[in-house]
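Peer 1: Let me give you the structure first, and then I'll get to my questions.
Nothing in this text is a laboratory measurement; each read-out follows from the coordinates by a stated rule. Given the structure is predicted, the values throughout are model-derived calculations rather than measurements. We place every Cβ from the backbone using ideal geometry, glycine too, and count neighbours over all the protein chains shown.
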Amino acid sequence: MSETAFTAAEIENMFTNEGRYIFARWSRPIAPVVFGTDDASLAVFKDAFATVASLGDMHLAETDPELGANFLVFLCSDWSEIKEVPNLDRLLANIDGLVTELDRTGANQYRSFAFDPEGAIKLCVLLLKYDDDMAKVSAQALATSQMAQAMLLWSPSAFLEKSPIGIIEANNMAIVRPSVAALIRAAYDKTMPDTAGDTSHALRLEARVTQLMGDES
């Protein structure tokens, strides 16, 4: 899967939201819990989550000391089911309005982040509507894609034109695309900050991404 490294301008766009450069990564181990799937699919999700988390040299945790679980994944067949989840309204404001908007736009996924006082990610709530489009991909591909999108605070448009994952034809397994994987690795470099609000950060990421992809070629 041959790809070129992202430029600083491309990286800047991938972390720009409403005209501002806003970068954030997790500052703590990710402790996921998945609701609405069977045990077999749950195991596939956990394995895929662990594989993607390892790109940032992170390990999955059983629990988060503050929150218990800090990556909450809810799968449903209809958005109205979300309103029935106990206590979810404590994490997502105005669930009725959110469900109405998700129905109106025909969305099949929604993620919400919460941050610690320094601005690093401490919680992600992921809602997935298992519609016809989502049913076309394997559980492993779905989990790989969703974890890649939860590793950083990406721009809402970061992956509109191209998925963060690719499929290996030989075994039909999903992997994070090399350029995206390199960017995640660069973002979790121990010398890089958990948060950034200046576009000079994109230049620092570019240098690391270029080196990483050069080392792998």
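Peer 1: Over the alpha carbons of region 123-170, what is the largest minus smallest coordinate on each principal axis, giving the biggest first in Å?
Peer 2: Computed over the Cα atoms, the extents are 32, 21, 19 Å.
Peer 1: Amide H of W26: which non-local residues (sequence gap of 5 or more, or other chain) have their own amide H closer than 5 Å, using H built in the peptide plane?
Peer 2: Counting only residues 5 or more places away or on other chains, the set is I121.
Peer 1: Still on this structure: Suppose a student asked you for the relative contact order of the chain, using Cα pairs under 8 Å spaced at least 6 residues apart; what percent would you report? Present the calculation step by step, with values, prior to reporting the outcome.
Peer 2: Values: 323 pairs, mean separation 70.5, N = 217.
Relative contact order here is 33 percent.
Peer 1: Counting only GluC sites (Glu not before Pro) that are in a DSSP loop and have at most 12 other C-beta atoms within 10 Å, tell me the longest site-free stretch of the chain. Walk me through the intermediate numbers first.
Peer 2: Values: sites that count: E18, E62, E66, E118, E161, E169.
Between exposed loop sites, the widest span is 67-117.
Peer 1: Another question, then. Taking springs between alpha-carbon atoms closer than 10 angstrom, which of S155, S112, S145 fluctuates most in the Gaussian network model of the chain?
Peer 2: Residue with maximal mean-square fluctuation among S155, S112, S145: S112.
Peer 1: K190: net charge of surrounding residues, Cβ under 15 Å, Lys/Arg +1, Asp/Glu -1, itself excluded? Walk me through the intermediate numbers first.
Peer 2: Values: positive: R25, R28, R185, R204, R208; negative: D57, D189, D194.
Taking every other residue near K190 into account, the sum is +2.
Peer 1: So, one more: What is the spin-label model distance, in nm, from T105 to A120 if the labels are put 7 Å beyond Cα along the C-beta direction?
Peer 2: If labels sit at T105 and A120, their model points lie 2.9 nm apart.
Peer 1: If you don't mind, there's one more thing I want to ask. If you line up the long axis of helix 178-187 against the longest principal axis of the chain, both from Cα atoms, how many degrees apart are they, to the nearest 10?
Peer 2: 90 degrees
Peer 1: Another question, then. Using a Förster distance of 22 Å, how high is the FRET efficiency between E66 and F113, based on the Cβ-Cβ distance and rounded to 0.05?
Peer 2: Details: r = 15 Å, r/R0 = 0.68.
According to the calculation, E is roughly 0.90.
Peer 1: Report the FRET efficiency, 1/(1 + (r/R0)^6), for D39 and K83, where r is their Cβ-Cβ distance and R0 is 22 Å, rounded to 0.05.
Peer 2: Calculated value: 0.30.
Peer 1: Give the Debye-formula value of log10 I(q)/I(0) at each listed q (0.18 Å⁻¹), with one equal scatterer per alpha carbon of region 66-122, two decimals each.
Peer 2: Debye curve over Cα of region 66-122, log10 I(q)/I(0) at q = 0.18 Å⁻¹: -0.70.
Peer 1: If you plug each phi of region 114-120 into the Karplus form 6.51 cos²θ - 1.76 cosθ + 1.60 with θ = phi - 60°, what whole-Hz ³J(HN,Hα) values come out, in order, with x for Gly and Pro?
Peer 2: With coefficients 6.51, -1.76 and 1.60, one gets 10, 10, 7, x, 8, x, 6 Hz.
Peer 1: As a check on your grasp of the helix formula, calculate [θ] at 222 nm for the chain: sum -39500 (n - 2.57) over DSSP H runs of n ≥ 4, divide by the residue count, round to the nearest 500.
Peer 2: Values: 7 runs with 76 residues, N = 217.
Calculated from helices alone, the mean residue ellipticity at 222 nm is -10500 deg cm²/dmol.
Peer 1: How far, in degrees from 0 to 90, does helix 39-53 lean away from the longest principal axis of the Cα atoms of the chain, to the nearest 10?
Peer 2: Taking Cα atoms only, the helix is inclined about 30 degrees.
Peer 1: Here's another thing I want to ask about it. Could you tell me how many degrees, from 0 to 90 and to the nearest 10, lie between the Cα long axis of helix 139-150 and the main elongation axis, the longest principal axis, of the Cα atoms of the chain?
Peer 2: With rounding to tens, the tilt is 70 degrees.
Peer 1: Please find, in a Gaussian network model of the chain (springs between Cα atoms separated by less than 10 Å), the residue of A170, A207, A69 whose mean-square fluctuation is greatest.
Peer 2: So, out of A170, A207, A69, the one fluctuating most is A170.
Peer 1: State the antiparallel share, in %, of DSSP beta bridges confined to the chain, rounding to the nearest 5. Before the final figure, lay out the partial values.
Peer 2: Details: 17 of 29 bridges.
Around 60 percent of the beta bridges assigned by DSSP in the chain are antiparallel ones.
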